[in-house]
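Comments concern the structure below.
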Amino acid sequence: MMDRLTDPETLLNLAHWLEAASLSSIEIEHEGTRVVVRVGAVAEVARPQATAVTAPIAGQVLNAHPLRAAVTDVAAGEAAAFVQIGPILVPVSAPTAGHVTGRTTADGALAGHGDTLLSLEAK
């Protein structure tokens, strides 16, 4: 839904409809994204801030459990990645529910405690 609302043509149509209805602005918020359209002004789109998810311990990064595919949507507390230390897998828990928007560390790379492994956009 929000992809359509951030389309320039749709924003222009909204501004025309507002002007025709003698309204000065409209604000729409959906799943953390906010769109504000004001007649005679530039449209503002506020997207949720991405949260950096960091390694809880130093080790080798695994972007997915060895027996499962990498996740793209996670619940709060769910493992979004893993850090391997020898035979031990330490889950990297998502601090909030969200969508993984980028992984900054490749599978098998070494990470130190506190290194950013991925970014998470809150849902």
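The values are calculated or read from the model by the stated rules, or taken from the named source; none is laboratory data. Bear in mind the structure is a predicted one, so any value in this text is a computation, not a measurement. Virtual Cβ from ideal backbone geometry, glycine too; neighbours counted across all protein chains shown.
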query = Can you name the strands (runs of 3 or more DSSP E) wholly within region 6-85 that have at least 1 residues being modelled with pLDDT of 80 or more and β-branched (Val, Ile, Thr)?
reply = 25-30, 50-54, 59-62, 79-85
note = Note on region 86-114: residues within 19 Å of the chain's Cα centre (by Cα) and not in a strand (DSSP E or B) are Ala94, Pro95, Thr96, Ala97, Thr104, Thr105, Ala106
message = Residues to consider are Thr51, Thr116; find the one that is closer than 28 Å to Asp7 by Cβ and in contact (Cβ under 8 Å) with a residue 40 or more places away in the chain.
response = Thr51
query = Inside region 59-88, can you point out the residues that are surrounded by 12 or more Cβ atoms within 10 Å (Cβ to Cβ) and closer than 16 Å to Ala106 by Cβ?
reply = Gly59, Gln60, Val61, Leu62, Asn63, Ala64, Ala70, Ala80, Ala81, Phe82, Val83, Gln84
